[in-house]
Amino acid sequence: MSELTEFELRLFEWIRQSDFESVAWSTKKAAKSFKCTEDEIYEGVASLTKKVPTRIQIYYEEGNLHIAAE
């Protein structure tokens, strides 16, 4: 995990500690929580899938995006 930026690490931990498996993901709410733009959240999540692909899962179910991290 040393390859993650500070922002990516904070985002990963937030996802890991949250329940976005049961509760649908909201990029808008994530951006508000991190006081950044939605684009920065999208870029951060995309980066996490490249840098730690075995520790994050993103899937679409019943019209909602869900994210899980371990």
Residue-normalised 222 nm signal for the chain, counting each DSSP H run of n ≥ 4 as -39,500 (n - 2.57), nearest 500 deg cm²/dmol, is -15000 deg cm²/dmol
Computed from the beta carbon distance with a Förster radius of 25 Å, FRET efficiency for Gln17 and Asp39 to the nearest 0.05 stands at 0.60
Of segment 1-22, those with amide N under 19 Å from the point 7 Å along the Cα→Cβ vector of Gln57 are 12-22
For the chain, the Kirkwood Rh over every pair of distinct alpha carbons, in Å, works out to 12.1
Checking rank on 58-67, 33-42, with mean other Cβ inside 10 Å and highest first, the result is 33-42, 58-67
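Each value in this text was obtained by applying a stated rule to the coordinates, not by laboratory testing. Everything numeric here is computed off the predicted structure, so don't read it as measured data. No Cβ is skipped: glycine too gets one built from the backbone with ideal geometry, and neighbour counts run over all protein chains shown.
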